Amino acid sequence: MSRATFRFYEELNDFLPEASRKRSIEFEFLVAPSVKDAIEALGVPHVEVDLIVVGSCSVGFDYRLEDGDRIAIYPVFEWIDISPVVRLRPKPLRHTAFVADVHLRKLARLLRLLGFDTVHSSDFGDAEIVAISKSEARIILTRDRQLLKHGAVTHGTWIRSTDPIEQAREVLRRFGLANGVRPFTRCLVCNGGLSRVEKEAVSDRIPPKTAAWLDEYCECDSCHKLYWRGTHADRLDELASTICSDSV
């Protein structure tokens, strides 16, 4: 029986049993597996890993374990350039866009409120989420660790919290997005972009009491839902500020 020793760093420990966190883990094998297979056998989705160091050398997912290896596993450095070493994922997406699983409806709405491109549907199955992520270069947001172990997934993260506001903070911190927040620029219903529209062009859709005091309106480019800064705007502003305040 051959043995290798693994040490996982930072948030990768969230995937491990309590007794295995922040310590060296011994991994036994008869036939040398790839380091990717070993990492996932220990419970960590490969998509959460961005740097693997064996001894003092960085290696790729296809590296085959050898008896006595000491392996350090580091999480995704989404906004840090580590190109001088072996990066295990494509480079960070220039346009940060998300696809959220069925458990993250409220998170999807909050991210849209903050201006981030986030698709979501209660009808999405795992295969469809993976396909959307791949075809549209979207980062998968999920509460299902197994989804991130799919071989075709290249960008994704497991959302730790069950509270929607903390989930939004988690995403902003995870991807360094606090400075990219643009509230009220995206439709909360369908994710389409919002564009200014002349009041006269939509006058038949504005409640008379609103039309009497408000002149500025936006319309969703996709579903054509009409938006304006009504009495709820201050509450939404406060919500957006609350999310961003602890996300830097």
Q) When the range 138-167 is examined, which residues are found to be of a type in the set (A, V, I, L, M, F, W, C), farther than 20 Å from residue 61 by Cβ and without any contact (Cβ under 8 Å) to a residue 60 or more places away in the chain? A) 141, 159
(Q) If I ask for residues that are surrounded by fewer than 21 Cβ atoms within 10 Å (Cβ to Cβ), part of a helix (DSSP H, G or I) and not basic (Lys, Arg), which ones from the range 148-169 would you list? (A) 164, 165, 166
(Q) Out of the residues in the range 8-28 meeting the condition of being crowded, with 16+ Cβ neighbours inside 10 Å and farther than 16 Å from residue 145 by Cβ, tell me which one is farthest from the chain's Cα centre (by Cα). (A) 27
Q) Counting only residues that are among the small types (Gly, Ala, Ser) and assigned to a loop (DSSP other than H, G, I, E, B), which one in the range 174-209 is surrounded by the fewest Cβ atoms within 10 Å (Cβ to Cβ)? A) 176
Q: Would you tally the residues in the range 110-125 being among the charged types (D, E, K, R), at pLDDT 95 or above and not in a strand (DSSP E or B)?
A: 1
Q | Scope the range 37-70; condition closer than 14 Å to residue 26 by Cα, assigned to a loop (DSSP other than H, G, I, E, B) and not hydrophobic (A, V, I, L, M, F, W, C); matching residues | A | 43, 66, 67, 68, 69
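The values are calculated or read from the model by the stated rules, or taken from the named source; none is laboratory data. The structure displayed is predicted, hence computed values, not measured ones. Reconstructed Cβ throughout: ideal geometry from the backbone, glycine too, with neighbour counts over all protein chains shown.
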